[in-house]
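Report on one structure; see the data block that follows.
The values are calculated or read from the model by the stated rules, or taken from the named source; none is laboratory data. Keep in mind the model is a prediction, meaning the values are calculated, not measured. Don't worry about glycine lacking a Cβ; one is built from the backbone with ideal geometry, like all the others, and counts go over all protein chains shown. All accessible areas refer to the heavy atoms of the entire protein, side chains included, with ligands and DNA or RNA removed. Shrake-Rupley method; radii C 1.70, N 1.55, O 1.52, S 1.80 Å.
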Amino acid sequence: MEIAGMKFNSPDSAKIGENLSINGPFELTANGKKQTISAAGKLTADSGELLWGKFFGDLNSQKPVFEIDAEYLRAEDRLHCRRCNLNLSTVGLIEVSGTVERAMDAPLLNLQTKSGNFSPPGFFEFFLRENFNRQYPALDNLGVGGQMGFEQKLDGRLEGLRVDGVVSLKAGELRAKSNGWRIGPIALVLPLQIDLGDNKAGAPGAPRTGTLAIESIRVA
């Protein structure tokens with residue numbers, strides 16, 4: 001499949017994509033007897049711009065690659081994602097697997113996400129500095145370093161999502177580009193639990209603890 005110059009927008013124009021160029025192998029299989037639709041492919045976006053609220057992203061620098069191996073069961077309205085991965089060249093690879101129940105009605109997620117090479121500097125540059133440096137000029141004088149890994153489990157509906165997992169950081173760093181101050185290297189292992197629903201009950205057993213180590217802090 002090869003698409004050039006594609007554009008889209010939501011009815012309220014809150015989400016807009018322009019000049020999108022997408023290519024790669026793609027396979028779609030429908031089985032009437034089993035009432036399943038399977039999709040497999042590896043699609044690369046060579047160029048394009050995205051505008052989502054205040055977020056603007058130029059895909060020329062990221063070359064996103066979306067790899068999918070999934071099956072939709074129509075009778076059960078269930079999406080089974082064996083592999084739904086997204087790779088951004090300066091941010092890293094995010095792997096997703098699991099199921100989405102009632103996919104066409106009120107999605108109920110049971111997903112696992114993980115990354116072993118997530119780049120905080122790449123994320124900071126693409127998602128934060130480029131979008132908010134006019135609103136917050138201090139971002140232009142801030143430098144970020146390190147490599148992050150995470151493994152999370154997502155359960156529930158979007159409005160009541162529960163996230164449970166671990167986040168780690170190696171050789172982390174916060175610094176002023178003017179060389180006025182620096183914090184790091186920073187090492188972090190953080191058990192992470194977020195509950196957006198009404199269930200306030202904690203996990204059974206003793207609370208999990210994390211570790212934070214800062215080698216040095218230097219000020220001007």
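Could you tell me whether F124 is over 30 Å from K33 (Cα atoms), touching a residue at least 60 places away in the same chain (Cβ under 8 Å) and aromatic (F, W, Y)?
Spelling it out, it is not the case that F124 is over 30 Å from K33 (Cα atoms), touching a residue at least 60 places away in the same chain (Cβ under 8 Å) and aromatic (F, W, Y).
Which one of G98, G156 is of a type in the set (G, A, S), open to solvent by less than 30 Å² (accessible area, probe 1.4 Å) and in contact with a Cys (Cβ under 8 Å, 6 or more places away or on another chain)?
Details: G156 fails: in contact with a Cys (Cβ under 8 Å, 6 or more places away or on another chain).
Being of a type in the set (G, A, S), open to solvent by less than 30 Å² (accessible area, probe 1.4 Å) and in contact with a Cys (Cβ under 8 Å, 6 or more places away or on another chain) holds for just one of G98, G156, which is G98.
Which of (1) open to solvent by less than 60 Å² (accessible area, probe 1.4 Å); (2) of a type in the set (D, E, K, R); (3) at pLDDT below 90 is the odd one out, the single condition K54 does not satisfy?
Of the numbered conditions (1) open to solvent by less than 60 Å² (accessible area, probe 1.4 Å); (2) of a type in the set (D, E, K, R); (3) at pLDDT below 90, the odd one out for K54 is (1).
Confirm whether E125 is among the acidic types (D, E) and either part of a strand (DSSP E or B) or touching a helix residue (DSSP H, G or I) at 6+ places or on another chain (Cβ under 7 Å) (or both).
no
For (1) within 30 Å of L73 (Cβ to Cβ); (2) loosely packed, with under 15 Cβ neighbours inside 10 Å; (3) modelled with pLDDT of 95 or more, each residue gets a yes or a no:
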| residue | (1), (2), (3) |
| --- | --- |
| R102 | yes, yes, no |
| D140 | no, yes, no |
| G160 | yes, yes, no |
| S168 | no, no, yes |
| R182 | no, no, no |
| N199 | yes, yes, no |
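With the requirement that a residue be open to solvent by 70 Å² or more (accessible area, probe 1.4 Å) and in contact with an Asp or Glu (Cβ under 9 Å, 6 or more places away or on another chain), what does segment 104-123 give you?
Result: M104, D105, Q112, K114.
Residue check, L86 against (1) out of contact with any Phe, Trp or Tyr (no Cβ under 7 Å at 6 or more places or on another chain); (2) farther than 27 Å from I183 by Cα; (3) of a type outside the set (D, E, K, R), all met but one. Which one?
Exception for L86: condition (1).
Out of the residues in segment 47-91 that are in a strand (DSSP E or B) and polar (S, T, N, Q), which is farthest from N19 (Cα to Cα)?
The qualifying residue farthest from N19 (Cα to Cα) is N85.
Specify which of the listed residues (F150, F66) is buried (at least 16 other Cβ atoms within 10 Å of the Cβ), at pLDDT 90 or above and not small (G, A, S).
Going through F150, F66 in turn, the sole match is F150.
Are any residues in segment 43-94 within 16 Å of F123 (Cβ to Cβ) and of a type in the set (S, T, Y), and if so, which ones?
Across segment 43-94, the qualifying residues are S61, S89, T90.
Applying the selection to segment 1-57, what residues are under 30 Å from Q135 (Cβ atoms) and of a type in the set (F, W, Y)?
Selection gives F8, W52, F55, F56.
Looking only at segment 1-46, which residues are open to solvent by 70 Å² or more (accessible area, probe 1.4 Å) and part of a loop (DSSP other than H, G, I, E, B)?
The answer is M1, P11, D12, P25, K33, K34, Q35.
Return yes or no: is D164 open to solvent by less than 60 Å² (accessible area, probe 1.4 Å), farther than 30 Å from E215 by Cβ, modelled with pLDDT of 90 or more and of a type in the set (D, E)?
Details: open to solvent by less than 60 Å² (accessible area, probe 1.4 Å): yes; farther than 30 Å from E215 by Cβ: no; modelled with pLDDT of 90 or more: yes; of a type in the set (D, E): yes.
It is false that D164 is open to solvent by less than 60 Å² (accessible area, probe 1.4 Å), farther than 30 Å from E215 by Cβ, modelled with pLDDT of 90 or more and of a type in the set (D, E).
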